[in-house]
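The values are calculated or read from the model by the stated rules, or taken from the named source; none is laboratory data. Only a predicted model underlies this, so the values are computations on that prediction, with no experimental measurement involved. Cβ atoms come from the backbone with ideal geometry, glycine included; neighbour counts cover every protein chain shown. SASA here: full protein model, heavy atoms, side chains in, ligands and nucleic acids out. Shrake-Rupley method; radii C 1.70, N 1.55, O 1.52, S 1.80 Å.
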Amino acid sequence: VTFTVEDQEGNRQEIEAPDDMGLSLMEILKASEYPILATCGGMALCATCHVEILEGENELGEATDAELDQLENLPEYFPTSRLACQIRISPLLEGAVIKLRGEDN
Ligand code: FES
């Protein structure tokens, strides 16, 4: 599957990721060397993998309650905010545009 990632500086890059391995978007972002802390290791507990879905949000569906609990504690989040660790890499991501919103240090 191919989708676009926009970093904190607004630079966009197309990412191609295998959609049959059960990986999360967080894992792919880390593997692509984006600066995502993912302190909790993908347990929906740290919110450092916060992303905003700029395009494709209808395909991906809404954030789960576990995600919302974390997102609501952030100083800033958006109507299409998600936790990247809770998004499974699947064909649904085709053409999506994902903006990094998490901590970058
Ligand atoms: Fe911690 Fe996603 S990696 S909430």
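Just tell me the longest site-free run in the chain, where the sites are GluC sites (Glu not before Pro) in a DSSP loop having at most 14 other beta-carbon atoms within 10 Å.
34-61
Whole-Hz ³J(HN,Hα) for each residue in region 46-52, computed from phi via Karplus 6.51 cos²θ - 1.76 cosθ + 1.60 with θ = phi - 60°, x for glycine and proline: what do you get?
10, 6, 6, 9, 3, 10, 10
Tell me, what does the Kirkwood hydrodynamic radius of the chain come to in angstroms if you use every pair of distinct C-alpha atoms?
Its Kirkwood hydrodynamic radius stands at 13.4 Å.
Can you send over the carbon and sulfur percentage of the accessible area for the chain, probe radius 1.4 Å, protein chains only?
44 percent
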